[in-house]
Amino acid sequence: MTASGHHETGPGPDPETAAASRGPFSRALAVSSFGGWLGLLAVTATAATLADVSYARANLAVAGVLALWLAGWLLAEPAAAALAGRKGLLAGADVLRAVLFVSIPVLGSLSWVLIAAVLLGALSQVARRAAATTHPAVVFGPAPFAGLAFSVLALANGLLAGLAGRFADHPLDLTLTLTALVLLVSAGLNARGPLIPAGAGAAGEPALPAFAAGRPLVSSVPAAKGLVTGMLAAFAAAGLVAGLAQTYVRDLGAGQPGFGMLFAAVVAGLALGLRVAPGLLGGFARARLFALALIATGLFLAAIALIPNMVMAVLLTVGLSICGGVVWGTGGALLGLAVDDTVRGRAFSYLGAAAQIALVAVLAIGPALAAGIGRHTFNFTDSHSLTYNGAAFVFLIAAVLAVAIGVATYRRTDDGTGSGLRHDLQALLAARRAQPVTPPAPAEYPGVFVALEGGDGSGKSTQARLLADWLRTDQGHDVVLTREPGATPLGVRLREVLLGNASELGSRAEALLFAADRSHHVEAVVRPALERGAVVVTDRYIDSSVAYQGAGRELDGDEVQRLSAWATGDLVPALTVLLDVDPVISKARRARDASRTGEDRLESLADEFHDRVRAEFLALARRAPHRYLVVDAGMGPDELQHLIRERVRQVLPVSARRRAELNERLADEEQARERRAAAEAEVLRMDADLRRRRVLEAREREESRRRARDEAERQLQHEAERELRSEESRRNREEVDRRASEAAAAAALGPVTEPVRMPGRYPARPDAPTQVVPPVRPDEPTQIVPPVRPDEPTRSVQPVQPVQPSPPAAPHQPGQPGQPGYPAQSGQPGPSGQPGPSSTGPQPTQPPGAQPPARPQSAGPQHPDAWAPPPTRPTRPQAREPYAGDTNPVPQDRPARPARPERESAAPPRTISLPEIELPEGDDDDEQTGDRTINLTDDENGPMRRRGRRQA
Ligand SMILES: Nc1ncnc2c1ncn2[C@@H]1O[C@H](COP(=O)(O)OP(=O)(O)O)[C@@H](O)[C@H]1O
Ligand SMILES: Cc1cn([C@H]2C[C@H](O)[C@@H](COP(=O)(O)OP(=O)(O)O)O2)c(=O)[nH]c1=O
């Protein structure tokens, strides 16, 4: 039940509530609620069956069950509210209810049924507390279905009764058992998944305290009191039908299926009435509708009382309940308007509590009254008699009361001429007849037209101003803020005529003048602005004429509309914002508004006039909802403006400024994207460069490694060749030496006349005379000395230094050169160990057999001749002398082994000083010193070693 009738075409329920009402929790609650309603019907029927001994007892048993059930319901409310929200509470309550429903057929006593009713009422309250706040629809929603299910089960039981006697004897056991099962299912659903959400228990104040607190308040407001009385009357009428249905259907011979149908008709009708009530407000003043619906409720009840037919009873019950629903719908809205904002909540709490108490009273009193009245048969003639029993009598009494209250209410809303009702009915029919307005044609102008409508003081000017400011400054639109009447010089004069209190105008003249002002306004202001693309915001437009002159002045609304359509050339706003507010509130606002000097000609009209105007605005909005935004203007200005902007946004084109801003932003973004792309490309390029450089560097490194390796190889080769050459030279020199020694020996016998020519490495010239060196020893083969190059300066061979005899060393093979026993060297001088004479000057030759000087201890290099190595390259002790059997000219430069020092000392470095002889150029020259040295010592870096390393 809503507190007011606002928002009929406004936004629906908020999405969260809508979603919650569809969730699993909602389904579980619906099952629980369905079980509760089905159980109530089953227990009521059981009580009536158990007490079926007399009409009165049956009625009293039904009254007792319903009253006790409701008493348990009401009394348990504070405890249920306190317990609400506890885990497992709903499931526990459902299990207990299931047990109670099963216990009824088991025990089968009326007393137990009455006790169970109290307990069931209390447990139902616990279940309702869980649902009422978050899922109000779940509380009553399943009731009609429970009624229908009850009917079906009763029919099924009837069929089964033919098969088994137990079903005939206990017609409600099947329903009670199934009810218990339904509740167990609900308990399972609630225990497994959904729990009562936090705050679900806060379903308003408990009924009894709310009733006590609200009563004085509502009593002090006559309008509210009348409304609450009328609503309770309608509700009681519907409740009475449900309460008396059990005995009433028996009178009609419809049995339990009829009871279920009647119950379903009551609940479904109420729900339907509540739903259609807002739709009926378009044509009717709300208070008049309220009164008429209440009268109709009474009339339907009377018809039920007077027409003893089951089918008619169901149809009439539907009509009655719909009217009851309309009474509640409109009454609720009116009550919201009748009381002050501060006490509105309390007034509604009181209404809810009063409805429950009224229901208890009706359900208790109704059947009791029916029992008291009993069954009566009136015999008119012998053949014509009428059986009329207590239930029908009670319906009739209630009907009379309802009609009386309705008529009284209607009287208060009517001006006595009857034109109000006639107009309402005409408007209602017109609204039904009216074709839905077709959506406006695609905009014929680049601009946008927005109208604000609503009662006087609803806040249109305030909202129009705020909207225009926002459109202008924030959205960058060309905005024209205008109004009706009085937006042009002509309009100002017309406004004075229309609203001035001195004017006496007929309704039609008034309508024509408003239309004239509108026509001029559109032509002079609105259309030109729309043509240039502006947003036009107008404070009032055609709807004001239809509402004020049509509904308010009671002219034909359609005619008024056509008049304005003609005047404006069918210019329809793209959006109309309707600020809907109770005229009482807007009147209070006007009174507080210091800028107003007083009420104008139309503002000062009766409240009823303004009620009609408001209703007409709402009706117009309903006919073309796509063109309207209906907002509750009771909200604060900022909240309202927010809603309005949200909706206006949807019809706005992009303003020129906004378009420029968007273009600028797009360009900025494009530039930024290009910059980003360029930066990314640069990074990629740098990365590629880096990789390329790395590859090149790696290649270069590899190349230089290869070159270094080649160079090292080349050097090794060169060195090996050099060593080879040195070895060759050495051998040659040794040969020369030997010959020199021989020559010296020969000289001892006779002087040598010819200088000895040293054989060169280089090929001798063909003309060079080949020298034949005669064998020294008789067993030595004759050697051929290659010719010396003729261009080579002849160098005299220096006299050989006296050679010291080698100290005794490790045993050698006999015949090895340089060893004792080797004839060619036996007379050779050994290493002197003394600084040798300069190679430039002839050295004194020691006479053979002369005693050699003492050998120094030092094994350091001693180079007595010109070929001695420079001091930086010390020669190492000779490790091994060449074997005579060596065929390969392997250089004797193997490094000395430190493990054999005695050998080192035994074989000191041997430097042979040779007499100056001619050598081929390019041979082993030290270019820096010009010295030539034949190093016979082992050298660590000798070619042997290096070669060995390379091979490794
Ligand atoms: N949403 C609102 N809530 C309360 N007062 C309002 C609201 N909107 C406007 N008012 C006040 O109500 C009075 C009437 O507002 P106004 O905008 O002139 O209404 P209208 O143009 O519909 O006659 C002004 O004093 C204004 O300040
Ligand atoms: C535009 C128009 C205004 N009216 C009435 C409604 C208002 O009472 C009055 C215009 O006054 P307005 O300046 O809109 O008053 P408020 O600011 O109080 O709403 O004229 C009509 O009756 N028919 C119309 O077509």
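The values are calculated or read from the model by the stated rules, or taken from the named source; none is laboratory data. As the structure is a computational prediction, the values presented were derived from the model and not from experiment. Please note: Cβ atoms are built from the backbone with ideal geometry, for glycine as well, and neighbour counts cover all protein chains shown. The protein model used for the area step is the full one, side chains on, heavy atoms only, and it has no ligands, DNA or RNA in it. Shrake-Rupley method; radii C 1.70, N 1.55, O 1.52, S 1.80 Å.
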Going residue by residue through the stretch 536-547, the Karplus relation 6.51 cos²θ - 1.76 cosθ + 1.60 with θ = phi - 60° gives ³J(HN,Hα) values, rounded to whole Hz and with x marking Gly or Pro, of 9, 10, 10, 8, 5, 7, 4, 4, 4, 5, 5, 6
Separation of the ILE115 and GLU661 label points, Cα + 7 Å toward Cβ, nm | 7.7
Heavy-atom accessible surface of the stretch 205-387: percent carbon and sulfur, 1.4 Å = 68
Cβ-placed point charges (K, R +1; D, E -1), dipole of the stretch 434-653 about Cα centre in debye, nearest 20 = 360
Sort the following peptides by mean Cβ neighbour count (other Cβ atoms within 10 Å, averaged over residues), highest first: 246-258, 500-512, 316-328.
-> 316-328, 246-258, 500-512
Extension reserve of the SER461-LYS225 stretch, reckoned as 0.36 nm per residue once the Cα distance is removed | 81.4 nm
Simple spin-label model, 7 Å along Cα-to-Cβ: LEU272 to LEU163 in nm?
-> 3.5
Rounded if a/c under 1.5, otherwise prolate or oblate - the stretch 205-387, Cα gyration tensor axes = prolate
Distance-filtered residues of the stretch 461-489 - backbone nitrogen under 13 Å, label point 7 angstrom along ASP593 Cα→Cβ = 461-465, 484-485
Run the quick spin-label model on ALA748 and LEU401: label points 7 Å from Cα toward the beta carbon, then report their separation in nm to one decimal.
-> 17.5
Among LEU684, LEU696, ASN663, which residue has its Cα positioned farthest towards the positive end of the charge dipole of the stretch 663-705, with +1 placed on the Cβ of Lys and Arg, -1 on the Cβ of Asp and Glu, and the dipole taken about the Cα centre?
-> LEU696
Which value, in Å² and to the nearest 10, is the accessible area of GLU700 when all protein chains are kept and the probe is 1.4 Å?
-> 120
Dipole size in debye (nearest 20) for the stretch 24-203 around its Cα centre, Lys and Arg Cβ +1, Asp and Glu Cβ -1?
-> 460
Gained length - MET635 relative to ASP382, 0.36 nm times residue gap less alpha-carbon distance = 84.0 nm
Using a 1.4 angstrom probe, figure out how much accessible area the stretch 434-653 has per residue, in square angstrom, rounded to the nearest whole.
-> 43
Counting only C-alpha contacts under 8 Å and six or more residues apart, can you give the relative contact order of the stretch 546-704 as a whole percent?
-> 24
Other-chain or far-sequence residues with amide H under 5 Å of GLY454's (modelled H) = LEU579
Given H placed on each backbone N at 1.01 Å, which residues far from VAL479 in sequence or on other chains put an amide H within less than 5 Å of it?
-> VAL535
So what is the accessible area of the stretch 24-203 per residue, in Å², with the probe set to 1.4 Å?
-> 40
Report, ordered by chain and residue number, the lysines lying within cross-link reach of LYS87, taken as a straight Cα distance under 20 Å and ignoring same-chain residues fewer than 8 apart.
-> none
At 0.36 nm per residue, minus the direct Cα-Cα distance, what do ARG714 and ARG86 gain on full extension? Give it in nm, one decimal, please.
-> 216.2 nm
Highest-first arrangement of 654-665, 639-650, 538-549, where packing means the average Cβ count within 10 Å | 538-549, 639-650, 654-665
Spelling it out for ASN389: with amide H atoms placed in the peptide plane at 1.01 Å from N, the residues 5 or more places away or on another chain with amide H under 5 Å from its amide H are HIS376
Among 674-684, 289-299, how do they line up from the highest to the lowest mean number of other beta-carbon atoms within 10 Å?
-> 289-299, 674-684
Leading residue at positive end of dipole, the stretch 434-653 (Cβ point charges), from GLN641, ALA451, VAL535 = VAL535
With R₀ set to 60 angstrom, the calculated FRET efficiency between the beta-carbons of ARG508 and VAL311, to the nearest 0.05, is 0.75
